[in-house]
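*Asks:* Could you have a look at this structure, given as structure tokens, before my questions?
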Amino acid sequence: MAEPVEVYNKLDTEEDDDVYTKDGTVDYKGNPANKKTTGTWKACPYILGNECCERLAYYGMSTNLLLYFKNNLDQHSVTASKNYSNWSGTCYITPLIGAFVADAYLGRYWTIAIFSVIYVIGMTLLTLSASVSGLRPTCVSKEDCHATSTQTAVTFLALYLVALGTGGIKPCVSSYGADQFDDADEREKKHKSSFFNWFYFSINIGALIASSVLVWIQDNVGWGWGFGIPAVAMAIAIGSFFFGTRLYRNQKPSGSPLTRIAQVIAASWRKRRVQVPNDKSTLYETADNESAIVGSRKLDHTKSFSFFDKAAVELESDRTNEPANPWQLCTVTQVEELKSIVKLLPIWATGIIFATVYGQMSNLFVLQGSFMDIYLNKFEIPPAALSIFDTLSVIFWVPVYDQIIVPVARKYTGHKSGLTQLQRMGTGLVISIFAMLAAGTLEVVRLGIVKRNNYYDYKNMPMSIFWQVPQYFLIGCAEVFTFIGQLEFFYHQAPDSMRSLCSALSLTTVALGSYLSSLLVTIVTSISTKGGKLGWIPDNLNRGHLQNFFWLLAIMSLLNLGAFLWISNWYTYKKPVGTLSAKLKTDDVSSERRLTNSEL
């Protein structure tokens, strides 16, 4: 009788293997995620819809915000610029908070849900501050307004609620969408790269509507409507997200990742004089197939940063503790988590220069365009509006990359994604150099026309602003390679239990790139204005040398590319081993077994 039972159990196991995911995801009830009824492209439209509407709300509110500070809150240009920079930088720092909460305690679903509500409250308050009498600044004309300290305070309270809300969404949505595809299933894994492409595509659809329609509404209809429509868009984003709840696959939160990192550092320092054995299979690890860290697969041992291996060396004193004290003895997987983060940091650092180049679209590209011919017949084109060509470039290149470049590259490289994540990022870094060369070349040509025709005192010299289109288009192309590649890279190479945190880490490059750009302008201005010179970036660009700043960024980008290639050469991709498959439904598992799993 034993043989038929054994055969039955084997068949039952194979059937379960085919039905449930093997990456540890569960459905909305906490049961193992059924592959046929949850996840994949069935769930993604609700996540992509959420992201599109959220980005429409964010860019619809932020694109013209500097003008609102200056005209409606009656702030000086320097004050308005500083306030905008501080708020914008905060929006890219708060993701570290949201990511920590998601990975450690709430999980991505509830983090997105709760922070989205905070976001909507902020957007609603901002709308009220621009439309309700008493909260709204008093305006004599479009550009002659006066705001009380209370009105200004309410506006900034609303904005920083939005900054907090977006901090819980930015690092989680892309990772949550990727969670819908099982890494252990080759068919599903193949679609994950496509998800990141279409995720970025949805971002730019929202940005396209925001930078065109909503900016026009704010300038011509009013700020009440201009902020109100983004608030409604954010409410729709929440509705889209909740509507797909039954279809989502959810990764369980695994406790504080910072605590686990601290444990490895502490344990390895305590054992700094201990010799790591040559046979790495003797290092401490749990005996079963699953990791001791909830929501994380086991990681294979790697040779890099061997000092941290000391934390996994099991001494006689460690064997007396049951269970093991994690501040004295860590598993190989826990050690490899820290190694993975350390290995990501150099790649992360190379993204800062790229973010600096990217940031010129809303900075020096706009300044350059403001000294060119901004009229199309009698229609005045705002210099900042040319960023729409960056958005159009992304919308063009995403399907081209996904449907043409990937299949062609796959034939030559044999890689399922066509290009590896690092190859994709490197390609974007190369393209960004050409974007700076295009901007610098345009400025050389522009200044040549100024000099030949003595246009030095012309505010808008007769050279069409549309000559800037190539540099915007190149930046958009570089985004598709580097930013999307970065999203995918940080998701895949992050430990399973730290994906939100690593996504947030990748977002901080945008904030640091902005700060670096500001620092470079300060340094360049200080040096180039010595001896009474006007410098590279004077108030009148016709008498400056803006092209030198673009050359500087091109050179820095070239050096950054060299550093990236060197780092990429020694980088080793993480190696997960085992699965997180939960083969039995929760209803079939005894309470005793559930307790054991929760302890693990």
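*Asks:* How far, in nm, would the chain grow between residue 187 and residue 322 when pulled straight, counting 0.36 nm per residue and subtracting the alpha carbon separation? Write out the running numbers ahead of the final one.
*Replies:* On the way: separation 135, 0.36 × 135 = 48.60 nm, distance 4.13 nm.
Extra length from residue 187 to residue 322 when fully extended: 44.5 nm.
*Asks:* Report the longest stretch of the chain that contains none of the trypsin sites (Lys or Arg not before Pro) sitting in a DSSP loop with at most 14 other Cβ atoms within 10 Å. Can you show the working numbers first?
*Replies:* Working: sites that count: 29, 36, 142, 272, 273, 303, 378, 416, 459, 533, 585.
That would be 143-271.
*Asks:* Tell me which cysteines of the chain come out unpaired when the rule is another cysteine's Cβ under 4.7 Å.
*Replies:* By the Cβ distance rule, which asks for a partner under 4.7 Å, the isolated cysteines are 44, 52, 53, 91, 172, 330, 477, 502.
*Asks:* Ok, one more. Excluding residue 270 itself, calculate the net charge of residues whose Cβ lies under 12 Å from the Cβ of residue 270, where each Lys or Arg counts +1 and each Asp or Glu counts -1. Working shown, then result.
*Replies:* Working: positive: 271, 272, 273, 310; negative: 318.
For residues surrounding residue 270, the net value is +3.
*Asks:* So what are the radius of gyration and Dmax for the Cα set of the stretch 31-118, in Å?
*Replies:* Considering the stretch 31-118 through its Cα atoms, Rg and Dmax are 18.0, 58 Å.
*Asks:* Could you let me know the centre-to-centre spacing of the stretch 213-280 and the stretch 445-470, using Cα atoms, in angstrom?
*Replies:* Comparing the Cα centres of the stretch 213-280 and the stretch 445-470, I get a distance of 45 Å.
*Asks:* Continuing with this model, one more query. Residue 299's amide H: which non-local residues (gap 5+, or another chain) put their own amide H closer than 5 Å, with H modeled 1.01 Å from N in plane and none for Pro or chain starts?
*Replies:* Under 5 Å from the amide H of residue 299 lie the amide H atoms of 333, 577, each far enough along the sequence or on another chain.
*Asks:* Would you please report the Å³ per residue occupied by the convex hull of the alpha carbon atoms in the chain?
*Replies:* On the way: hull volume 117.1 nm³, N = 600.
Cα-based convex hull of the chain, divided per residue, equals 195 Å³.
*Asks:* What distance in nm separates the two pseudo spin-label positions at residue 573 and residue 157, each 7 Å out from Cα along the beta-carbon direction?
*Replies:* 5.1
*Asks:* For the pair residue 287 and residue 270, how long in nm is the line joining their label points, each one 7 Å along Cα→Cβ?
*Replies:* So the two model labels end up 2.3 nm from each other.
*Asks:* How large, in percent, is the carbon and sulfur part of the accessible surface of the stretch 337-471 at a probe radius of 1.4 Å? Kindly include the intermediate steps, with their values, before the conclusion.
*Replies:* Values: 3910 of 5930 Å².
Whole-percent figure for carbon plus sulfur exposure: 66.
*Asks:* In Å, the Kirkwood hydrodynamic radius of the stretch 307-413 over pairs of distinct alpha carbons?
*Replies:* Taking the inverse mean of 1/r over all distinct Cα pairs, the stretch 307-413 comes out at 19.7 Å.
*Asks:* Then there is this: How much of the accessible area of the stretch 215-300, probe 1.4 Å, is carbon plus sulfur, in whole percent?
*Replies:* Working: 2570 of 4290 Å².
Carbon and sulfur atoms account for 60 percent of the accessible area of the stretch 215-300.
*Asks:* Right, another one. Assuming R0 = 30 Å, what is the FRET efficiency of residue 219 and residue 400, from their Cβ-Cβ distance, to the nearest 0.05?
*Replies:* On the way: r = 33 Å, r/R0 = 1.11.
The formula returns an efficiency of 0.35 here.
*Asks:* To continue, here is another question. In deg cm²/dmol and to the nearest 500, what is the mean residue ellipticity at 222 nm of the chain if only DSSP H runs of at least 4 residues count, each as -39500 (n - 2.57), divided by the residue total?
*Replies:* Values: 20 runs with 365 residues, N = 600.
Helix contribution divided over all residues of the chain: -20500 deg cm²/dmol.
*Asks:* For residue 533, project a label point 7 Å along Cα to C-beta. Then give me every residue of the stretch 543-557 with its amide nitrogen under 17 Å of that point.
*Replies:* Those under the cut-off are 543-553.
*Asks:* Assuming R0 = 30 Å, can you tell me the calculated FRET efficiency for the pair residue 444 and residue 380, based on Cβ-Cβ distance, to the nearest 0.05? It would help to have the intermediate numbers written out before the result.
*Replies:* Working: r = 26 Å, r/R0 = 0.87.
E(calc), rounded to 0.05, equals 0.70.
*Asks:* In the chain, what percentage of the DSSP-assigned beta bridges are antiparallel, given to the nearest 5?
*Replies:* Numbers: 10 of 11 bridges.
Given both bridge residues lie in the chain, the antiparallel proportion sits at roughly 90 percent.
*Asks:* Rounded, prolate or oblate: which fits the stretch 208-335, taking a ≥ b ≥ c as square roots of the Cα gyration tensor eigenvalues, rounded meaning a/c under 1.5, else prolate when a/b beats b/c? Mind showing how you got there, number by number?
*Replies:* Values: a/c = 4.06, a/b = 2.94, b/c = 1.38.
It comes out prolate by the Cα gyration axes.
*Asks:* Give me the compactness ratio for the stretch 431-523, meaning the Cα radius of gyration over 2.2 N^0.38 Å. All intermediate terms of the calculation are to be shown ahead of the outcome.
*Replies:* Working: Rg = 18.9 Å, N = 93, 2.2 N^0.38 = 12.3 Å.
Normalised by 2.2 N^0.38 Å, the Cα Rg of the stretch 431-523 equals 1.54.
*Asks:* Hey, another quick one. Roughly what would the spin-label model give for residue 261 and residue 305, points 7 Å off Cα along C-beta, in nm?
*Replies:* 0.9
*Asks:* Hey, another quick one. Can you give the extra length, in nm with one decimal, that the chain gains between residue 540 and residue 314 once fully stretched, where that is 0.36 nm per residue apart less the Cα-Cα distance? Please report the intermediate quantities before stating the final value.
*Replies:* Numbers: separation 226, 0.36 × 226 = 81.36 nm, distance 6.83 nm.
Net length gain for the segment: 74.5 nm.
*Asks:* Further, regarding this structure: Over 18 Å between C-alpha atoms is what I'm after, so list which of 82/533; 189/252; 280/303; 70/170; 378/451; 82/530 land there.
*Replies:* Correct reply: 82/533; 189/252; 70/170; 378/451; 82/530.
*Asks:* Which whole-number value in Å² is the accessible area per residue of the chain, probe 1.4 Å? Mind dumping the intermediate values first?
*Replies:* Working: 27000 Å² over 600 residues.
The answer is 45 Å² per residue.
*Asks:* Run the paramagnetic zone check for residue 82: 7 angstrom along Cα to Cβ, then residues of the stretch 343-376 with backbone nitrogen under 11 Å.
*Replies:* No residues fall inside that zone.
*Asks:* Would you work out if the stretch 149-236 is rounded, prolate or oblate? Take a ≥ b ≥ c from the square roots of the eigenvalues of the alpha-carbon gyration tensor; rounded if a/c is under 1.5, else prolate when a/b is larger than b/c, oblate otherwise.
*Replies:* On the way: a/c = 4.37, a/b = 2.01, b/c = 2.17.
It is oblate, given that a/c is not under 1.5 and a/b is not larger than b/c.
*Asks:* Report, to the nearest 10°, how far helix 2-19 tilts away from the longest principal axis of the Cα atoms in the chain, using its own Cα long axis and a range of 0 to 90°.
*Replies:* 0
*Asks:* Let me ask another. Let me know the whole percent of all Cα-Cα pairs from the stretch 368-487 that are separated by more than 21 Å.
*Replies:* Numbers: 3478 of 7140 pairs.
For the stretch 368-487, the share of Cα pairs beyond 21 Å comes to 49 percent.
The values are calculated or read from the model by the stated rules, or taken from the named source; none is laboratory data. The structure displayed is predicted, hence computed values, not measured ones. Note that we place each Cβ from the backbone using ideal geometry, even for glycine, and neighbour counts take in every protein chain shown. Areas reflect the complete protein model, heavy atoms only, side chains present, ligands, DNA and RNA absent. Shrake-Rupley method; radii C 1.70, N 1.55, O 1.52, S 1.80 Å.
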